[in-house]
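Undergrad: Take a look at this one; I'll ask things after.
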Amino acid sequence: MDVLFSVDPAAPGPLHRRLYDSVRTAILTGRLRSGDRLPATRALATQLSLSRATVSAAYDQLRAEGYLRGHHGSGTYVAPDLPEETLQSGMLPEAPRAERHVPLSAWGKRIAADEYGALLRSTNDGDLPFDFRPHRVAAERFPWDDWSGAVHRALARSPDRFLAYPPSAGYPPLLDAVAAHVARYRAVSCEPDQVVMVSGTQQGLNLLATLVLDRGDRVAVEDPGYPAARLALEAHGLCIEHVPIDRDGMRVDVLAEHTPQRLVHVTPSHQHPTGATMSLSRRLALLDLAERTGCIIFEDDYDSEFRYEGRPIESLQGLDRSGLVVYAGTFSKSILPGLRMGYLVLPRPLVTPFVTAKSLWDSGTPMLEQAALAEFLHSGDFERHIRRMRRLYQNRRDALLGVLAIFGERVQVGEHQGGLNLLLTVRAPISDIELAARAAVRGIALRPASPYYLHPPEYPTFLLGFGGVREEQIVEGMVRLRAILDELPGSQ
Ligand SMILES: Cc1ncc(COP(=O)(O)O)c(C=O)c1O
């Protein structure tokens, strides 16, 4: 047969790979057909001025991948069972790929259509100099030396551990450290065997919903509330009740009018996004309601390490006497969100099924990160880091509160006793989305708060993050924002 392939001497890569490509292309474009015989290795080697070993290596690889059949001596053929029509229609990698519509599941459609889903997708987009998006931590102040020390110590202890799958509940020394931490700082009542490590609160909530709720079950969320929790629960096909928030947190009296609920998602220590703290009487009323109705309380305690005034509020879980509170903590604010490390403290009967769910979901949380985190906690580095960050964030918050005075009566500032964000309402004749778009043009990233509300607030409102913005940038960013407001017709 005519030689259909060649080896370009100037092309990069090993010779056998170039010959392999040439033969494969001939088959995929239909120039060689099923059953065609290929030249013997010796003959082809002579024709192409290659060594026989080079030709054999190319043939062996093509045989291993199913393009060729036959053996040295008995002849080498193109595999007899290749579908010719498919090959004629162009199988080469460089051939254009069709963008076929792939139908989404009901769950997929729900998350794709959600307004907040779009915001989540853009979370890491952009790199604006004045980044007031919420939940940003001061990544530039992270103690990398302490962290790499923790990683090294973790590796030195017994590297063999990292070769196996992690224990599904988590790395035992980390479970011990987390249990001690939440008992001491959050008055959570638990033993290490009730702690399960998860890839952030978000995974904990999704897994719990999968485990204890069925489609159509009724669940309650705060309004305004954390859209990622609401969206996750909605996507599970649950019926959502939006319970209003006031200065004392969730209106448990309103919730009581809409019982029974199977689960309620709450942020009692620092309501997200208003910053309210749930009063003791509401906490007791909520626990009482749960006890009467069997409703599970998902206590999302996402940032209580950072409280700047008064004593940190103790957890709801610590007051629970009926075993219905699932306490969720995270290292996303106290260390870094990219670590993807959180934990649940579960009522005992839920531990075993939850651990099974976790292992089926992702076969465990990455081991090296867990071991390093355990070292970071046990060494005291974590506590030192929290203390430093608390001071830093307090200074940033104070800088923000100070510069907000330049807006005078035009803004209203929400609760700001803790956390890394505050709600800012601007009395201006413009929507929050439009104002955020104008701000972005001037280098200011703002997070519109309307997706956090069932009914958008009357005036544009933003969840303003100060954690990841240096003090000078805070001041400059707000001065720029004021200039934008000054340009709006009728805003003075
Ligand atoms: C209310 C609330 N819960 C939890 C989290 C943290 O979630 P994760 O641990 O999945 O990063 C956040 C962070 O933004 C939050 O605002």
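The values are calculated or read from the model by the stated rules, or taken from the named source; none is laboratory data. Bear in mind that the values here come from a model prediction, so they are computed numbers and not experimental data. Here the Cβ positions follow ideal geometry from the backbone for every residue, glycine too, while neighbour counts run over all protein chains shown. Heavy atoms of the whole protein, side chains included, go into the accessibility calculation; ligands, DNA and RNA do not. Shrake-Rupley method; radii C 1.70, N 1.55, O 1.52, S 1.80 Å.
Undergrad: Taking the range 191-233 as the region of interest, how many residues are within 14 Å of the ligand (Cβ to nearest atom), under 25 Å from residue 165 (Cα atoms) and open to solvent by 10 Å² or more (accessible area, probe 1.4 Å)?
TA: 5
Undergrad: Restricting the search to the range 442-482, which residues are among the hydrophobic types (A, V, I, L, M, F, W, C), in a loop (DSSP other than H, G, I, E, B) and surrounded by fewer than 16 Cβ atoms within 10 Å (Cβ to Cβ)? Break it down into steps so the answer makes sense when it comes.
TA: Applying the first criterion (among the hydrophobic types (A, V, I, L, M, F, W, C)) to the range 442-482 yields 444-446, 449, 454, 462-464, 466, 469, 474-475, 478-479, 481.
From what's left, in a loop (DSSP other than H, G, I, E, B): 446, 449, 454, 466, 469.
Answer for the range 442-482, where residues must be among the hydrophobic types (A, V, I, L, M, F, W, C), in a loop (DSSP other than H, G, I, E, B) and surrounded by fewer than 16 Cβ atoms within 10 Å (Cβ to Cβ): just 454.
Undergrad: How many residues are assigned to a helix (DSSP H, G or I), open to solvent by less than 40 Å² (accessible area, probe 1.4 Å) and touching a residue at least 40 places away in the same chain (Cβ under 8 Å) when one looks only at the range 426-439?
TA: Looking only at that region, the number is 2.
Undergrad: Counting only residues that are closer than 30 Å to residue 484 by Cα and either open to solvent by less than 10 Å² (accessible area, probe 1.4 Å) or within 16 Å of the ligand (Cβ to nearest atom) (or both), give me the helices (runs of 4 or more DSSP H) lying completely in the range 326-415 with at least 1 of them.
TA: In the range 326-415, the matching helices (runs of 4 or more DSSP H) lie at 381-403.
Undergrad: Return yes when residue 363 is touching a Lys or Arg at 6+ places or on another chain (Cβ under 9 Å) and polar (S, T, N, Q) and no when it is not. Can you show your working first?
TA: Values: touching a Lys or Arg at 6+ places or on another chain (Cβ under 9 Å): no; polar (S, T, N, Q): yes.
No; evaluated as a whole, the condition is false for this residue.
Undergrad: Here is a further query. Can you tell me how many residues in the range 294-306 are among the small types (Gly, Ala, Ser), out of contact with any Ser or Thr (no Cβ under 7 Å at 6 or more places or on another chain) and within 14 Å of the ligand (Cβ to nearest atom)?
TA: Within the range 294-306, residues that are among the small types (Gly, Ala, Ser), out of contact with any Ser or Thr (no Cβ under 7 Å at 6 or more places or on another chain) and within 14 Å of the ligand (Cβ to nearest atom) number 0.
Undergrad: Also, I was wondering about something else. Tally the residues that are assigned to a helix (DSSP H, G or I) and in contact (Cβ under 8 Å) with a residue 24 or more places away in the chain, restricting the search to the range 187-198.
TA: The initial filter retains those residues of the range 187-198 that are assigned to a helix (DSSP H, G or I), namely 192-194.
After this cut, where a residue has to be in contact (Cβ under 8 Å) with a residue 24 or more places away in the chain as well, the list is 193-194.
Adding up the residues that qualify gives 2.
Undergrad: Which one is farthest from the chain's Cα centre (by Cα) among residues in the range 238-268 that are β-branched (Val, Ile, Thr) and open to solvent by less than 20 Å² (accessible area, probe 1.4 Å)?
TA: 252
Undergrad: Filter the range 291-306 down to the residues that are farther than 26 Å from residue 468 by Cα and charged (D, E, K, R), then identify the one that is surrounded by the fewest Cβ atoms within 10 Å (Cβ to Cβ).
TA: Step one: list which residues in the range 291-306 are farther than 26 Å from residue 468 by Cα, which gives 291-298.
After this cut, where a residue has to be charged (D, E, K, R) as well, the list is 291-292.
On the way: 291: 14, 292: 12.
In this case the residue turns out to be 292.
Undergrad: Within the range 60-81, can you find the residues that are more than 41 Å from the chain's Cα centre (by Cα), modelled with pLDDT of 85 or more and either under 13 Å from residue 32 (Cβ atoms) or not in a helix (DSSP H, G or I) (or both)? Talk me through it step by step, then tell me what you get.
TA: Residues of the range 60-81 that are more than 41 Å from the chain's Cα centre (by Cα), as a first pass: 60, 62-63, 67-81.
Add one more test, that the residue is modelled with pLDDT of 85 or more, and what stays is 60, 62-63, 67-70, 75-81.
Matches in the range 60-81: 62, 67, 68, 69, 70, 75, 76, 77, 78, 79, 80, 81.
Undergrad: Please enumerate the residues belonging to the range 1-51 that are at pLDDT below 85, open to solvent by 60 Å² or more (accessible area, probe 1.4 Å) and hydroxyl-bearing (Ser, Thr, Tyr).
TA: Result: 6, single match.
Undergrad: For the range 438-481, give me the residue count where each residue is under 30 Å from residue 221 (Cα atoms) and small (Gly, Ala, Ser).
TA: 6
Undergrad: Conditions first: (1) within 16 Å of the ligand (Cβ to nearest atom); (2) at pLDDT 95 or above. Residue 239 passes all but one, so which condition is the exception?
TA: Here residue 239 meets the rest and fails (1).
Undergrad: A follow-up question, please. If residue 184 satisfies all but one of (1) touching a residue at least 24 places away in the same chain (Cβ under 8 Å); (2) surrounded by fewer than 18 Cβ atoms within 10 Å (Cβ to Cβ), what's the number of the condition it fails?
TA: Of the numbered conditions (1) touching a residue at least 24 places away in the same chain (Cβ under 8 Å); (2) surrounded by fewer than 18 Cβ atoms within 10 Å (Cβ to Cβ), the odd one out for residue 184 is (1).
Undergrad: Mind listing whichever residues of the range 71-83 are open to solvent by less than 80 Å² (accessible area, probe 1.4 Å) and closer than 17 Å to residue 45 by Cβ?
TA: 75, 76
Undergrad: Among the candidates 285, 276, single out the residue that is more than 15 Å from the ligand (Cβ to nearest atom) and of a type in the set (A, V, I, L, M).
TA: 285
Undergrad: Could you tell me whether the range 159-175 includes any residue that is loosely packed, with under 15 Cβ neighbours inside 10 Å and part of a loop (DSSP other than H, G, I, E, B)?
TA: Within the range 159-175 (the criterion being loosely packed, with under 15 Cβ neighbours inside 10 Å and part of a loop (DSSP other than H, G, I, E, B)), the answer is yes, since at least one residue qualifies.
Undergrad: Quick check on the range 251-268: of everything there that is touching a Lys or Arg at 6+ places or on another chain (Cβ under 8 Å) and within 13 Å of the ligand (Cβ to nearest atom), which residue is farthest from residue 324 (Cα to Cα)?
TA: 268
Undergrad: Kindly indicate which of 463, 481, 435 is more than 20 Å from residue 227 (Cα to Cα) and touching a Pro at 6+ places or on another chain (Cβ under 6 Å). Before the answer, list the steps.
TA: Numbers: 463 fails: more than 20 Å from residue 227 (Cα to Cα); 481 fails: touching a Pro at 6+ places or on another chain (Cβ under 6 Å).
Going through 463, 481, 435 in turn, just one is more than 20 Å from residue 227 (Cα to Cα) and touching a Pro at 6+ places or on another chain (Cβ under 6 Å): 435.
Undergrad: Name every residue in the range 307-319 that is open to solvent by less than 40 Å² (accessible area, probe 1.4 Å), more than 16 Å from the ligand (Cβ to nearest atom) and out of contact with any helix residue (DSSP H, G or I) (no Cβ under 6 Å at 6 or more places or on another chain), in order of residue number.
TA: Scanning the range 307-319 gives a single hit, 318.
Undergrad: Among the numbered criteria (1) touching a Leu at 6+ places or on another chain (Cβ under 7 Å); (2) open to solvent by less than 40 Å² (accessible area, probe 1.4 Å); (3) of a type outside the set (Val, Ile, Thr), which single criterion is violated by residue 141?
TA: (2)
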